[in-house]
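Notes to accompany the following structure.
The values are calculated or read from the model by the stated rules, or taken from the named source; none is laboratory data. Please read all numbers here as calculations on a predicted model, not as lab measurements. Cβ atoms come from the backbone with ideal geometry, glycine included; neighbour counts cover every protein chain shown. Note: accessible area is taken over every heavy atom of the protein model, side chains too, but ligands, DNA and RNA are not part of it. Shrake-Rupley method; radii C 1.70, N 1.55, O 1.52, S 1.80 Å.
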Amino acid sequence: MDTIWLTGAEWLAVLRIGLGLWWLESWRHKDKKGWFERGTGIAWAADVAQKHKWNAVRSGFSTVVAPRPKTMAYVVVYAELALGLGLIVGFLTPIALVGGLLLNLLYLVLMIHDWAEQGQNAMMALISLVALFAMSWQAWSVDEALGLFL
């Protein structure tokens, strides 16, 4: 593939690293004390889920998340951190890309009424798909250095 300045694999690494930085920013701006001590993040999500137009979202949230709000707060916050770091350094990249795609799809469905959230999650999901199927771990990654997923 002919490109300007970088190789195709390096441009894909730029895309992967940018997505990782996006996940890291999502983690960074969260009020961790609020999420972990006061339960603000899961309480907000519960309010969104309760008003959701799809019954599957309401029942899924009440079955999976509501019974364990503290655990789910840690899962969400640290999943975003792990995704960000994994994508930035390129460690277990395909797993991070699939995990991020699934998390974005969950966010997309939960926030179906919020167009700003829809756009962000749709873009992140699209980047995940491109980075996954174009094997973005072939340059500038721990996976490449260890010979993983080649």
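Which loop-located GluC sites (Glu not before Pro) does the range 11-90 contain, where loop means any DSSP state but H, G, I, E or B and the Cβ has at most 14 other Cβ atoms within 10 Å?
On the way: sites: Glu25, Glu37, Glu80; in loops: none.
Here no loop site has a sparse enough neighbourhood.
Each of Leu101, Val75, Met123 was placed along the dipole of the chain (beta-carbon charges, centred on the mean Cα), and the one lying farthest toward the positive end is Val75.
At a 1.4 Å probe, what is the % contribution of carbon and sulfur to the accessible area of the range 15-61? Can you show the working numbers first?
Numbers: 1680 of 2770 Å².
Answer for the range 15-61: carbon and sulfur cover 60 percent of the accessible area.
Annotation for the range 75-129 versus the range 12-56: alpha-carbon center distance of 10 Å.
For the residue pairs Lys32/Lys70; Lys33/Lys53; Lys30/Lys53, the C-alpha atoms sit more than 19 angstrom apart in Lys33/Lys53; Lys30/Lys53. Coupling constants for the range 130-147 follow from the phi torsions by the Karplus curve (6.51 cos²θ - 1.76 cosθ + 1.60, θ = phi - 60°), and in residue order they are 4, 5, 5, 6, 8, 6, 5, 8, 7, 9, 6, 9, 4, 4, 5, 4, 8, x Hz; glycine and proline get x.
What does the convex hull of the alpha-carbon atoms of the range 25-150 project to on average, in nm²?
Details: hull surface 32.6 nm².
Quarter of the Cα hull surface area: 8.2 nm².
Each Lys and Arg contributes +1 and each Asp and Glu -1, all at the Cβ; summed about the Cα centre of the chain, the dipole is approximately 740 debye. Placing a pseudo-label 7 Å from each Cα along the Cα-to-Cβ vector at Asp114 and Phe149 gives an inter-label distance of 2.8 nm. Modelled spin-label separation between Tyr78 and Phe133, with each label point placed 7 Å from Cα along the Cα-to-Cβ direction: 3.4 nm.
Taking the Cβ of Gly84 as the center, what net charge do the other residues with Cβ under 9 Å away carry, scoring Lys and Arg +1 and Asp and Glu -1?
Numbers: positive: Arg28; negative: Glu25, Glu80.
Local net charge: -1.
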